[in-house]
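The values are calculated or read from the model by the stated rules, or taken from the named source; none is laboratory data. Since we're looking at a predicted model, the values are computed, not measured. Please note: Cβ atoms are built from the backbone with ideal geometry, for glycine as well, and neighbour counts cover all protein chains shown.
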C-alpha cells in the first residue's frame, strides 16, 4: 500500500532496540581481547578466545570495570538514571553461537533507565525519544551458514562458528513506544539511530560502525487503526545495518502491515529479516511474549552498585549533547545553512568532524565528503563511511595543500585508497602519481611544445596570452597529468617571452 | 620407611619431607603403590597421574638445591574430578566429559602446584556432584574402605575413600550440600566446607554456583587447615571470592590441639538436627561427644533453628535450578562427547549427546530445575526457596548469638549399603539434611569423626561457625579431635581395616 494511504488509515507506533558494542580492550566478563577494539578488528576466527569465551567447564565471569564505566556514561548521555544497585541475570536458551547456552544479561535490574534522546529532523523540528532502559550484556558468537543459496540457516549444509565475538560487551538501549511519529516515522527512525551513533562516538566508547555490527538496530513497528486505543501487533525487523536501511525498513514495514490490515488480515508477531538488496523484509522466527528464557539472577556475579562519586565523575566528563554539538560546529566551521544541511542530511557530520580533527580545513573536508566521496558511495550503493577513513581524507587534502597532488590526481589517489591500496602516501608511491616538480623536465617539455607549435608561440609573443592554453594542454598531456597546471602556465609564458 | 609412610598424617609426612628423611619421590611412590594395591577394590581414583613421580623428582631437586619450599612441598594430594587439571582428564564423573583434558588449572589446583604438592590423580564422584553415595558416577561406584559393601558417601566419596584407605594423605573435595562433610562422616575422616567465597571456585565444574565451595579432605584437622591455608584467599578470577585477609588456619588448629580444654567455648546443639531421622547409634555417639565437650569445660546450650525444616525442600529447588543452567554448556559443540548421525541438525546432535552423556540423576535434576525456573513458576519455586534461604540465615544469626559454634551429627546414619537407596531419590536427598543448611547460609562447616556406630562403622560430628569464622572451626575441631583421640588411643582412621593382609599390624601405630 502507498505510504500516504497507509498513514491515512493507520497510526504507526515505533520502538527500537539498539545494541552498541563497547570498544573496551577486553571482553565483558573475561580478559580475552575484544574484537570491537580497533587493535583486534582483523583477528582470525576463534583466536580471541579464552575458557569463558568458549564456555569451558569451570570458567567464571568477572565484570569488566571499563565496560561498566562506558555503560554508565552512555546511560547518562541518554538522560537516564543510573541504578544505585543492579544485577546480572542469566537468559537461558540453547544455540550453538552461545557458548554457555545462556547469555549473561540484565533483566529486572538494568544499570540505566528512564531517559530521553533529543533528535532534530531535516526541517529543524525537534523530537524527544523516550528511553526505557539501557542494560549491559555479552554478545554471542557468529555463525556462518555454508551451502544453500541464501547464506541463512535454512538450506545450509553446515555452519561455522566463530567465538571471537562471544563475550563482546554490549549495551542494549530500549526505547519506550514512540507515538505520534506519523509521516516522519521513517526519518525519526533514521535520526534516532544516528543520534545514538553520534552520542556513542562523542563518548568515545565504540567505533559505532553499523556495517561492522558495532551498532545494530532492531526496529519494532506496529499499526493501529485511527481512533483505536489498543496497540496493534508488532513485528521486530533485524539485520538493519545502515541508517538508510533503518529508514527504508520502517517505511516498508508500515506499508506492508497496512496492506495486510486493510485487507482484513492479521499481523503475526515475529522477527523479520531486512534485505538490503530487495528493500523488503521476510519472516523470521515467530516470537511470542511467552518465549521462556528462564531468567534468574546470575549466581556467579555479585550485584553491581556503582558509587555516586563515580556516576558524578562520569557525568562531569560528558560531552555536549548532539544538538548543541551540531550548533557549535556550524558556528565554528562557518558553513552556510545550505552547506551545513548538506552535510547533516548526508549523515556526514561525524565524518567531516573527524576529518577536521585529523588536520583538514572544514571547507576542504566538506568538499571531499559531500562531493567526490558521496558521488562514489552513491554510485556503489554503500555508506560513505564504509569507503574511506577520515584520517585518509585529511592526508589526501594535505598532499594537495603542499602541492604534491593536483585535484585531479587526488581523485585518482582516493580511488586507490578506496580500492584498499593503502594510505594516500602509499597509493601515490605505488601508482607513481606525484606531481612533476622537476623544473628542468617541465622546461624541456614546454620548450618542445612551443617548438612544435610556432604559430601559438607567435600569438603569445603578440600578447594573446590566452593562446597559451593549447601549449599548456600539450605539456600536461606529455606529463600524463602529473604537473601543476598553474606552474606550467608560468613557465610557458616565461619561455615564450625569452 | 616406605612401608608405613602412607599411614602418617599429612603434617607428619610433610615434616619428614622438610627434614629430608623422606623424599617426595619416596612419598609419592609409596602412595602410588598403595593405590595399585587397594584401588582395585576401593575405586577411589578415576585417573592416576602418570607424571606424579616426575613432579616429585622436580621438588626433590629443588629442595636439594637449597630452595626454600612450602612446608607441604613434595606431599602427595588427590584431587576430586570436579576440578580442572592441565594434563589430567577432568570429567566430574560424567560420560559427557569422558577424556576431556582442560587447558587450564582450577585456581585451587594451581595453588597446590605452586606450593609444590604432587597430584596423585583424580578422585571419583557422583556425576556432576549430584548424589550422596558416589553411586551416580558414570564410571562405577567407589567403595567404603571400612566395608567394601558400603557407600563412601558422596558426592566426594572418592576423595574421602582415598584418604581413609591411605591412598593419599591429603585430598580436595567440593561441597554443595554436604559433599565434603558427609563422606568424611561415613569414612572416619575430616572434611571442611569453607565460608562461601573463602576458596576460589574458578576451575571447579559448577553444580550450583551459589552453594558450591571447594575444601580439604584429610585424616586430621591440622591437615585440613594446612591445605585450606594453601588453597584459600581471594582470587580475582572468581567474583564471589571474598577480598579479605584470613588468619593461619594451621596455627589455629595447632593452638586448639595443644590447649587440652574447651573452657569458655559456648557450644550450641541444634535441636532440629538431633532427633528426627537420626539413627540411635549416631545419637548415642553424639550424646557421648557432648559429654566430652562438657567435661572439657565447654558450655553446651540447646539452640533452635525452626526454618531448617524447609532446608531440604529449598535446596532441591535452588540446586536443580542453577544446575540446569550450569549444565547447559554440555552440548557437544565445543568439547566433550558428541553423538551424531549424518544429516542431523545441531539441535538433534545436542539432544542425542545429552541423552547419551548424562546419567538418570543428572537428567532428573535438570528437568526439576528447568521446571522450577519456568515463567509462571519462578516466584513459587526459585523465589520462595531464596526466601527460605534468608530465614535459615536468620536462624543461624540467632543461634550464634547464644553459641560460638554449633554441633550436630554430620550424617543421620553410618554408611548405608551400595544400592540401598539408589531407587529412592527422596531417601537419598534427606540424607543431607544435616549438612544442607550451612550451604544455604554460606557458613563454614566441618565434618570430623566422633566414634563408631553399632555396626563398627564411622560416625561423624559436624561443627558449624558463623560466616568468616573458619578459624573457630579449626581451633575447636582440633581440640575435640585431640580429646577424642585421647579416649580412643589415636585418631579414628587408625582403626580402619587394613584392606590387605600385608599391613594387619599397621592399625596399632
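Once the range A:98-114 is narrowed to residues that are more than 14 Å from chain B (Cβ to nearest Cβ) and buried (at least 21 other Cβ atoms within 10 Å of the Cβ), the residue that is nearest to residue A:247 (Cα to Cα) is A:112. Scanning the range B:191-243 for residues that are away from every other protein chain (no Cβ under 14 Å) and in a loop (DSSP other than H, G, I, E, B) gives B:194, B:195, B:198, B:219, B:220, B:233. Each residue in the range A:161-187 was checked for being surrounded by 24 or more Cβ atoms within 10 Å (Cβ to Cβ) and under 15 Å from residue A:118 (Cβ atoms), and 1 pass. Among the residues of the range B:99-145, those identified as touching a strand residue (DSSP E or B) at 6+ places or on another chain (Cβ under 9 Å), more than 14 Å from chain A (Cβ to nearest Cβ) and assigned to a helix (DSSP H, G or I) are B:111, B:112, B:113. Within the range B:415-440, the residues that satisfy the criterion of being out of contact with any strand residue (DSSP E or B) (no Cβ under 9 Å at 6 or more places or on another chain) and either closer than 21 Å to residue B:173 by Cα or part of a helix (DSSP H, G or I) (or both) are B:425, B:426, B:427, B:428, B:429, B:430, B:431, B:432, B:433, B:436, B:440. Pull up the range B:291-312, narrow it to residues that are part of a helix (DSSP H, G or I) and surrounded by fewer than 16 Cβ atoms within 10 Å (Cβ to Cβ), then point me to the one that is farthest from the other protein chains (Cβ to nearest Cβ). Restricting to residues being part of a helix (DSSP H, G or I) and surrounded by fewer than 16 Cβ atoms within 10 Å (Cβ to Cβ), the top hit is B:295. Report yes if some residue within the range B:461-469 is assigned to a loop (DSSP other than H, G, I, E, B) and within 18 Å of residue B:190 (Cβ to Cβ); otherwise report no. So far as the range B:461-469 goes, yes, one or more of its residues are assigned to a loop (DSSP other than H, G, I, E, B) and within 18 Å of residue B:190 (Cβ to Cβ).
Within this structure, residue B:223 fails the test of being under 30 Å from residue B:365 (Cβ atoms), at pLDDT 95 or above and assigned by TED's automatic domain parsing to the domain that holds residue B:175. Could you list all residues from the range A:78-88 that are buried (at least 22 other Cβ atoms within 10 Å of the Cβ) and within 14 Å of another protein chain (Cβ to nearest Cβ)? The one that is buried (at least 22 other Cβ atoms within 10 Å of the Cβ) and within 14 Å of another protein chain (Cβ to nearest Cβ): A:88. Looking only at residues in the range B:335-355 that are modelled with pLDDT of 95 or more and not in a helix (DSSP H, G or I), the one that is nearest to the other protein chains (Cβ to nearest Cβ) is B:335.
Let's see how each residue does on (1) assigned to a loop (DSSP other than H, G, I, E, B); (2) within 14 Å of chain B (Cβ to nearest Cβ); (3) surrounded by 18 or more Cβ atoms within 10 Å (Cβ to Cβ):
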| position | (1), (2), (3) |
| --- | --- |
| A:76 | no, no, yes |
| A:96 | yes, yes, yes |
| A:124 | yes, no, no |
| A:135 | no, no, yes |
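Report yes if some residue within the range B:318-331 is modelled with pLDDT of 95 or more, in a loop (DSSP other than H, G, I, E, B), in contact with a helix residue (DSSP H, G or I) (Cβ under 7 Å, 6 or more places away or on another chain) and within 9 Å of another protein chain (Cβ to nearest Cβ); otherwise report no. Checked the range B:318-331: at least one residue is modelled with pLDDT of 95 or more, in a loop (DSSP other than H, G, I, E, B), in contact with a helix residue (DSSP H, G or I) (Cβ under 7 Å, 6 or more places away or on another chain) and within 9 Å of another protein chain (Cβ to nearest Cβ). What about residue A:92, is it at pLDDT 95 or above, at positive phi and within 11 Å of another protein chain (Cβ to nearest Cβ)? Taking the combined requirement at face value, the residue does not satisfy it. Considering (1) within 19 Å of residue B:367 (Cβ to Cβ); (2) more than 9 Å from every other protein chain (Cβ to nearest Cβ); (3) free of Cβ contacts under 8 Å to residues at least 12 places away in the same chain, the lone condition that residue B:315 does not fulfil carries the number (3).
Taking the criterion of being more than 7 Å from every other protein chain (Cβ to nearest Cβ) and within 30 Å of the chain's Cα centre (by Cα), the only residue of the range A:53-62 that qualifies is A:53. Does any residue of the range B:370-381 turn out to be out of contact with any strand residue (DSSP E or B) (no Cβ under 9 Å at 6 or more places or on another chain), surrounded by 18 or more Cβ atoms within 10 Å (Cβ to Cβ) and more than 14 Å from chain A (Cβ to nearest Cβ)? No: zero hits.
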